[in-house]
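Report on one structure; see the data block that follows.
The values are calculated or read from the model by the stated rules, or taken from the named source; none is laboratory data. Remember, predicted model here, so these are calculated numbers, not experimental data. No Cβ is skipped: glycine too gets one built from the backbone with ideal geometry, and neighbour counts run over all protein chains shown. Ligands, DNA and RNA are excluded from the accessible area calculation, which covers all protein heavy atoms including side chains. Shrake-Rupley method; radii C 1.70, N 1.55, O 1.52, S 1.80 Å.
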Amino acid sequence: MSPTLQTVLLLSASNVFMTFAWYGHLKDMSSKPWIIAALASWGIALFEYLLQVPANRIGHTTLSLSQLKIIQEVISLTVFVPFAVFYMQQPFKWDYVWAAMCILGAVYFMFRA
């Protein structure tokens, strides 16, 4: 498996944990004290880092730092939109599409030769 594909897969899994750590408590722990939510989020974030750190180390063997960052942003939005719509029950917004188009523009600039 190529280093770039390994990186994308690890970052995708990492982003699932990150999204739940950052936003899941808003639904699941809204009645709990913030410190409990913070500690739970921190526990979830540990799994994010266990995937994200190796992903970036593997990716940096073939990708620039800027390319790693923009891949992360693409994956982040790709994970966040279904999370927001299906898990958090937020309505779909066309703004997600426009944001994705802007990020695709950034991808172009980071990967052009």
Difference of contour (0.36 nm per residue) and Cα-Cα distance, MET1 to TYR96:
31.1 nm
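For the ranges 46-54, 4-12, what's the packing order if you count other beta-carbon atoms within 10 Å of each residue, average per peptide, and put the highest first? Don't skip to the answer; put the middle values down first.
Working: 46-54: 15.4, 4-12: 18.1.
Going from most to least packed, we get 4-12, 46-54.
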Once the whole set of protein chains is in place, how much accessible area is left on TRP22, using a 1.4 Å probe, in Å² to the nearest 10?
150
Using only the Cα atoms of the range 4-77, what are the Rg and Dmax in Å?
13.9, 45
At what distance in nm do the modelled label points of HIS60 and GLN89 sit from each other, each positioned 7 Å from its Cα along Cα→Cβ?
4.3
At 7 Å along Cα-to-Cβ for each site, give me the label-to-label distance between ILE103 and VAL53 in nm.
2.5
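Using the reciprocal of the averaged 1/r over all distinct C-alpha pairs, how large is the Kirkwood radius of the range 41-113 in Å?
Taking the inverse mean of 1/r over all distinct Cα pairs, the range 41-113 comes out at 13.9 Å.
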How much length would be gained if the chain were fully extended between PHE111 and LYS69, taking 0.36 nm per residue of separation minus their Cα-Cα distance, in nm to one decimal?
14.0 nm
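Using the Cα centre of the chain as the reference point, and only Cβ charges (+1 on K/R, -1 on D/E), how large is the resulting charge dipole? Debye, rounded to the nearest 20.
On the way: 6 positive and 4 negative charges, 17 e Å.
Taking the Cα centre of the chain as origin, the dipole is about 80 debye.
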